[in-house]
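Derivation of every value follows stated rules applied to the coordinates shown; laboratory data play no part. As the structure is a computational prediction, the values presented were derived from the model and not from experiment. Heads up, the Cβs are rebuilt from the backbone with ideal geometry, glycines too, and the neighbour counts pull from every protein chain shown.
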Amino acid sequence: MAEAGHSQAPVSSLKHHFDDMEQQQAASTLGMWVFLATEVLFFGGALTVYAVYRLVYPAAFSAASNHLDVRIGAVNTVVLIGSSLTMAIAVWSARRNGPRSTRMLVGSLAMTALLGSVFLAIKATEYSAKLAAGLFPGPAFRFPGAHARPAELFYSLYFVLTGLHALHLAIGIGVVAVVAARAARGRYDLEYHGPVEITGLYWHFVDVVWIFLFPLLYLVGRGG
Amino acid sequence: MSAESYLASPRGVRSWLLTTDHKRIAILYLVSVTLFFFLGSAFAVAIRLELLTPAGDAVQADTYGRLFTMHGVVMIFFFLIPAIPTVLGNFLVPMMIGARDLAFPRLNLLSWYVYVLGASISLWAIVHGGVDTGWTFYTPFSTTYSNGAVVTTGIGVFITGFSSILTGLNFIVTIHRMRAPGLGWYRLPLFIWAHYATSLMMVLGTPVIAMTLLLVVAERALGLGIFDPARGGDPILFQHLFWFYSHPAVYIMVLPAMGVISELVTAFAKKNIFGYRFVAWASIAIAVLGFFVWGHHMFVSGQSAYAGMVFSALSFLVAVPSAIKVFNWTATLYRGSVSFRTPMLYAFGFIGLFTIGGLTGLFLSALGLDVHVHDTYFVVAHFHYIMVGGTIMAFLGGLHYWWPKISGSSYPEGWARFSALVIFVGFNLTFFPQFLLGYLGMPRRYHAYPPELQVLNVMSSAGASILGVGYLIPMVYLFWSMRYGARVAANPWGASGLEWTTPSPPPTCNFETTPVVTQDPYTYSSEEAQVVG
């Protein structure tokens, strides 16, 4: 605790129960990794369901997948990968001192949040098109051809998986916005930028989830 | 830094409800899990009342279904899973490793609020008609046919799961990053090893039940057909996902209890633990193996015979690390100077009852025998021996052992020993007859039974009333002791462990200066044991 004085960071950045900034940073990074492990198992539950039904109903899942718009999915993939790039730039500039890197930090965080919002906006139009086409599972579900029931399973999983992903992304946008606002007030520097780092970890994770969802839902078995 | 006790300052309800002190959060949890324990017990009372007579007279089948469901839901999700980690673990993990708090104190407080929110939603569901699916929420009954408040209860349990995840996450990071200088992994008390293993299971298992319940809720509320066989879904898949968490959950309940027992046995035998590394790694082994045995709940659900054989063999395997622990505790007693104080009585109770519970678990992992006793009272007796005979015994033993540290007061030893004895007798009278009932073929979850089974059922109900009295006595005297109990010194048991180097009760910051650890965790054999009367 006495070591807090050695650090150049404002004393308020060091919580009372840590000995030094290094310990605090290591703890929050490990905490985020453990949380991401939890998230892997969370999505893993639903992906297991997907894997089982894909094996049981391969033809129906291909037919259902054909009704998704692969161009929209691809555009969204590019948007999200772009947001990971801006997030990486944010983390890079957070590790540097000086007004120029602070401007860069704030700018790249704002860009990240913006790209995340673009993804959600595109996703919303995609959802409304699916609803209009009667592809939302439940009593109103309509699917041409012989595979109506397994196709409904496909769309149940589609909405659960992409919905949870969108929820994670929305939370991420909120967190990035808060971090950006704090960065604009000069809260982060070389010594103390843990929140930027762990927000980055979270953001990249949400991105990676989509990197799995896009091929599983839009591409596998397409045209079959 | 003030040396005033964490209980004394700061004052006021607000300071308690907004505290980030791990010790105060432990007290908040102690109050809430105790409330739910007595709520769950009330349902058990109603169940045992109904089963006094063979005819289904006191309640009808529908009500009875709600009673055992809510007994299970409340006891498992709101008492047994959180009890030891959130009360004793919260209080002791930082103290045992020489830290001022958990790594994320605000997250710790948040986890209590999340628990309260989830518990309140489930309470709301209980008041509004309850739920009748059994705590297992099997589909398609839960998603399609049940008349109960499945969605509300599911949401309540879903939310409470995050409290569990946050606690586990906090413990893992704390144990990795907050240990005092010199405190290597093999110098950690076994309580810490057990909580580390438990936290791994909480963090990796709970998200799966969260997703599963979410799918059930979505299916019931939005009309999706994920587990509905009428629409191409697979109800067995639900069982796989459910038990992938819920079998590890059994170890989430019992592993922290084992950690408590390791501390009690050494402290009251005045001997170092026998085979420290074996006991430590047995915790990790149980956590790992515990994830690969879920299929033994589904021997008669229609999974393939090969899956059944593999799950059977793996289930036998879990017995190995569990047995290592029991053998090592027993070997620790050998030539120790054993004192029969209350915590030790509970530890003895645990070792005996857990052994019975564990051995009958082997009966159930045997494929052929399981077909005979599946879904009978044999299973009910088996898991109550683990959960009540194991977890609750250890919880009470630990609560008594650390009570002087938590409250700064000593409890009345005579009453405490008496109630430990009452609980032991009441427990066995309640649950041993259920092994016989199950073997004779009485199925679980029915409110009526053939008249020839009445004698054993009356014994069980009589035992339950004794058990209930046994649980009420500590409630009274522990409260009493906070005001009237004698004040105690820092280390009333002459026990080893960093928590005993602090005043009783400890100051908010735990340690005035960070301790430096220079020796192994159990130091009983190296120094003259001081038995304090």
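Cut-off is 10 Å between beta-carbons; in what order do B:Trp493, B:Trp193, B:Trp124 appear when sorted fewest neighbours first? The partial results should precede the final answer.
Numbers: B:Trp493 22, B:Trp193 26, B:Trp124 14.
Neighbour counts put them in this order, fewest first: B:Trp124, B:Trp493, B:Trp193.
How high is the relative contact order of the range B:295-409, in percent, counting Cα pairs under 8 Å that sit 6 or more residues apart? Please list the in-between numbers first.
Working: 83 pairs, mean separation 38.0, N = 115.
The value is 33 percent.
Excluding B:Ser9 itself, calculate the net charge of residues whose Cβ lies under 15 Å from the Cβ of B:Ser9, where each Lys or Arg counts +1 and each Asp or Glu counts -1.
Details: positive: B:Arg11, B:Arg14, B:Lys23, B:Arg24; negative: B:Glu4, B:Asp21.
Around B:Ser9, the charge tally is +2.
For the range B:366-482, rounded, prolate or oblate, judged on the Cα gyration tensor with a ≥ b ≥ c (square roots of eigenvalues), a/c < 1.5 rounded, else prolate if a/b > b/c? If you can, show how the numbers build up before the last one.
Values: a/c = 3.80, a/b = 2.20, b/c = 1.72.
Since a/c reaches 1.5 and a/b is larger than b/c, the shape of the range B:366-482 is classed as prolate.
What aspartates and glutamates does B:Lys405 reach when the alpha-carbon gap must be under 17 Å and sequence neighbours fewer than 8 apart in one chain are set aside?
Partners found: B:Glu4, B:Asp21, B:Asp101, B:Glu263, B:Glu413, B:Glu499, B:Glu512.
How high is the FRET efficiency from A:Ala148 to A:Ala88, r the C-beta distance, R0 35 Å, rounded to 0.05? If you can, show how the numbers build up before the last one.
Values: r = 44 Å, r/R0 = 1.25.
The pair A:Ala148/A:Ala88 has a calculated efficiency of 0.20.
Between B:Ala221 and B:Ala448, what length comes free when the chain is fully extended (0.36 nm per residue of separation minus the Cα-Cα distance, one decimal in nm)?
Values: separation 227, 0.36 × 227 = 81.72 nm, distance 3.28 nm.
Roughly 78.4 nm would be gained on extension.
Run the helix sum for chain B: -39,500 (n - 2.57) per DSSP H stretch of 4+ residues, divided by residue count, reported at 222 nm to the nearest 500 deg cm²/dmol. It would help to have the intermediate numbers written out before the result.
On the way: 16 runs with 330 residues, N = 533.
Value at 222 nm, helices only, nearest 500: -21500 deg cm²/dmol.
Is any helix in chain B, taking whole DSSP H runs, at least 27 angstrom long along its axis by alpha carbon and on average at least 0.5 on the Kyte-Doolittle scale, and which ones?
B:22-50, B:105-127, B:150-177, B:190-222, B:235-269, B:305-333, B:342-365, B:413-439, B:454-484
Roughly how far apart, in whole Å, are the Cα centres of the range B:38-91 and the range A:90-123?
52 Å
Going by the alpha-carbon gyration tensor, a ≥ b ≥ c the square roots of its eigenvalues, is the range A:34-123 rounded (a/c under 1.5) or, if a/c is not under 1.5, prolate (a/b greater than b/c) versus oblate? Write out the running numbers ahead of the final one.
Values: a/c = 4.51, a/b = 2.00, b/c = 2.26.
Taking the square roots of the gyration eigenvalues as a ≥ b ≥ c, the range A:34-123 is oblate.
At what distance in angstrom do the alpha carbon centres of the range B:477-515 and the range A:45-82 lie from each other?
58 Å
Name the trypsin sites (Lys or Arg not before Pro) in the range A:168-224 that are in a loop by DSSP and that have at most 13 other C-beta atoms within 10 Å, would you?
Working: sites: A:Arg182, A:Arg185, A:Arg187, A:Arg222; in loops: A:Arg185, A:Arg187, A:Arg222.
Sites meeting the loop and neighbour criteria: A:Arg185, A:Arg222.
How far apart, in nm, are the 7 Å Cα→Cβ label points at B:Tyr113 and A:Ala184?
Calculated label separation equals 2.6 nm.
With the Cα gyration tensor of the protein assembly as shown giving a ≥ b ≥ c as the square roots of its eigenvalues, does the rule (a/c under 1.5 for rounded; else a/b larger than b/c for prolate; else oblate) give rounded, prolate or oblate?
Numbers: a/c = 2.02, a/b = 1.14, b/c = 1.78.
Here the protein assembly as shown falls in the oblate category.
What ranking of A:His17, A:His204, B:His128 emerges when the number of other C-beta atoms within 10 Å of each C-beta is taken as an exposure proxy, fewest first?
Working: A:His17 24, A:His204 17, B:His128 11.
Lowest to highest Cβ neighbour count: B:His128, A:His204, A:His17.
If Lys and Arg each add +1 and Asp and Glu each add -1, what is the summed charge of the other residues whose beta carbon sits under 11 Å from the beta carbon of B:Arg187?
On the way: positive: B:Arg179; negative: B:Asp520.
Charge balance near B:Arg187 sits at 0.
Where does each of B:Phe79, B:Phe383, B:Phe327 land when they are ranked from fewest to most other beta-carbon atoms within 10 angstrom?
Final ranking by Cβ density, sparse to dense: B:Phe327, B:Phe383, B:Phe79.
On a 0 to 90° scale, report how tilted helix A:148-184 is relative to the longest principal axis of chain A, with both axes built from alpha carbons and the result rounded to the nearest 10.
The answer is roughly 20 degrees.
With angles folded into 0 to 90 degrees, how steeply does helix A:99-132 sit against the dominant principal axis of chain A? Use alpha carbons for both and round to 10.
20 degrees
What is the mean number of Cβ atoms from other protein chains located within 10 Å of the Cβ atom of each residue in peptide B:134-144, rounded to a whole number? Could the numbers behind the result be given before it?
Values: counts 0, 0, 0, 0, 0, 0, 0, 0, 0, 0, 0.
Partner Cβ neighbours, averaged per residue: 0.
Relative contact order, percent, of chain A when contacts are C-alpha pairs under 8 Å separated by at least 6 residues?
Values: 228 pairs, mean separation 72.7, N = 224.
Relative contact order of chain A: 32 percent.
Based solely on its DSSP helices, what 222 nm [θ] is calculated for chain A when runs of n ≥ 4 H residues each add -39,500 (n - 2.57) and the sum is averaged over all residues, nearest 500 deg cm²/dmol? Intermediate values should be presented prior to the final figure.
Details: 6 runs with 161 residues, N = 224.
Computed mean residue ellipticity for chain A: -25500 deg cm²/dmol.
Quick one: longest stretch of chain B between exposed loop GluC sites (Glu not before Pro), exposed meaning at most 16 other C-beta atoms within 10 Å and loop per DSSP? If you can, show how the numbers build up before the last one.
On the way: sites that count: B:Glu4, B:Glu512, B:Glu527, B:Glu528.
With GluC sites (Glu not before Pro) excluded where exposed in loops, chain B gives B:5-511 as its longest stretch.
Pairs of Cα atoms under 8 Å, at least six residues apart: use those to get the relative contact order of chain B, whole percent. Don't skip to the answer; put the middle values down first.
Values: 910 pairs, mean separation 102.0, N = 533.
The normalised contact order for chain B reaches 19 percent.
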